[in-house]
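Below: one structure, written as structure tokens.
Please treat every number below as a calculation from the coordinates, not as lab data. Note that this is a predicted model, so its numbers are computed, not measured. Cβ coordinates were reconstructed from backbone atoms using ideal geometry, including for glycine residues, and neighbour counts include every protein chain displayed.
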């Protein structure tokens, strides 16, 4: 088998099926990433969503029998929304991050990997593969960096010369010995715009992220959001694009190459108040196809309540009072209490005082007290 020729054929086929970048690397252990992951764990910087076994995350031979190489791919996604709706008083809107626009990228990238695997399988009878997109053992960023897709930016994203950091990543381990491509050298230089702009200081140093204080992570948690992050979340419902938006390498970058990635404006920037009482069925029907729905409706609803407090829109008070009085989930009732305090006004204050007399859950009572404290600060 002429693997050099096959590699060229794979690259050509990848372009035919809409893969925007492809790279090849060895299946050697990712030692540098292993050291970083160990350090992250020691510092408590992990999100908890990662694959737990660091050895498996960095040693391909532990998760695939006799690996010979890894093929990495990237798909470019849009950074701008056509016909984006604007929020206004009485009709405020939240925002899903760009990586949650359109169809869930896990599905889109896996489809391309499956097409690529089928093509290789048609050429080599004993070819074997293990496909991964985000939720696999390996660290997508480490594979993509070593395969020459792009360099690992200070914002912990892979940055490509062509598409900036607005790319989805995926990879396949294979038993076929493809020649590795050259890794790309760092091109961030002295720039620290992403570190400077991070709303919570989660980028503690170039290439190191404290996930526990990253808004993208915090929007996916299900409990009460820690006090110090509530004002910083703004109207974000899922994810955060700040460190990408300020990156000079993303200036003017906006590719619309895949129809499935185009956002539905009313899903990517939904009205906030209808989210407060949306049923599980309605949520699944409307948002189930986007990656931002993977944790269910509770985090989205909680973030929507915080966003309404952020806007201080009096038109939301009645809806928030209903949540405070009727929702069965303490985290949601408590967040509504906090948000009512942020919005202010006599109606909100009276509702909080009534709830304080009726509420039995200590978590919610603490949030009611926080809400009432906003009124004391105004005096």
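For segment 1-263, DSSP calls about 90 percent of its internal beta bridges antiparallel. Only Cα pairs under 8 Å and 6+ residues apart enter the sum, and on that basis the relative contact order of the chain stands at 19 percent. Report the extension gain between residue 80 and residue 42 in nm, rounded to one decimal, defined as 0.36 nm multiplied by the number of residues separating them, less their alpha carbon distance. Additional length available on full extension: 9.9 nm. Scaled against the 2.2 N^0.38 Å expected of a compact globular protein of N residues, the Cα radius of gyration of the chain reads 1.10. Each label point was placed 7 Å from the Cα along the Cα-to-Cβ direction; for residue 110 and residue 361 their separation is 3.3 nm. Taking 7 Å steps out from each Cα toward its Cβ at residue 182 and residue 369 produces label points 6.4 nm apart. What residues from segment 103-146 fall in the zone where the backbone N is under 19 Å from a label point 7 Å along the Cα-to-C-beta line of residue 208? From segment 103-146, the list is 142. Taking label positions 7 Å along the Cα-Cβ direction at both residue 2 and residue 354, the computed distance is 8.1 nm, reported to one decimal.
Cβ crowding within 10 Å ranks 3, 287 as 3, 287, fewest other Cβ atoms first. Classification of segment 128-245 by its C-alpha gyration tensor yields an oblate form. The axis ratio a/c (a ≥ b ≥ c) is 1.5 or more, and b/c is at least a/b.
Calculate, for residue 266 and residue 231, the FRET efficiency according to 1/(1 + (r/R0)^6) with r their C-beta to C-beta distance and R0 25 Å; round to the nearest 0.05. Efficiency at R0 = 25 Å is approximately 0.40.
For a label point 7 angstrom out from the Cα of residue 347 toward its Cβ, which stretches of segment 314-329 have the backbone nitrogen within less than 15 Å? Label zone hits: 314-325. Restricting the calculation to Cα atoms, every distinct pair contributes to the Kirkwood radius of segment 166-217, found to be 14.4 Å. The angle between the Cα long axis of helix 317-326 and the longest principal axis of the Cα atoms of the chain comes to about 90 degrees, rounded to the nearest 10. Once a ≥ b ≥ c are taken as the square roots of the eigenvalues of the Cα gyration tensor of segment 1-86, is the result rounded (a/c under 1.5), prolate (a/b larger than b/c) or oblate (a/b not larger than b/c)? Verdict is oblate for segment 1-86.
Relative to the dominant Cα principal axis of the chain, helix 105-123 is inclined by about 10°.
Computed from Cα atoms, the angle from the helix 297-311 axis to the main principal axis of the chain rounds to 60 degrees. Between the C-alpha center of segment 37-64 and that of segment 323-376 there is a gap of 40 Å.
Computed on the Cα trace of segment 308-379, the radius of gyration divided by the Kirkwood hydrodynamic radius gives Rg/Rh = 0.92. For the pair residue 55 and residue 121, the difference between a 0.36 nm per residue extended length and the Cα-Cα distance amounts to 20.9 nm.
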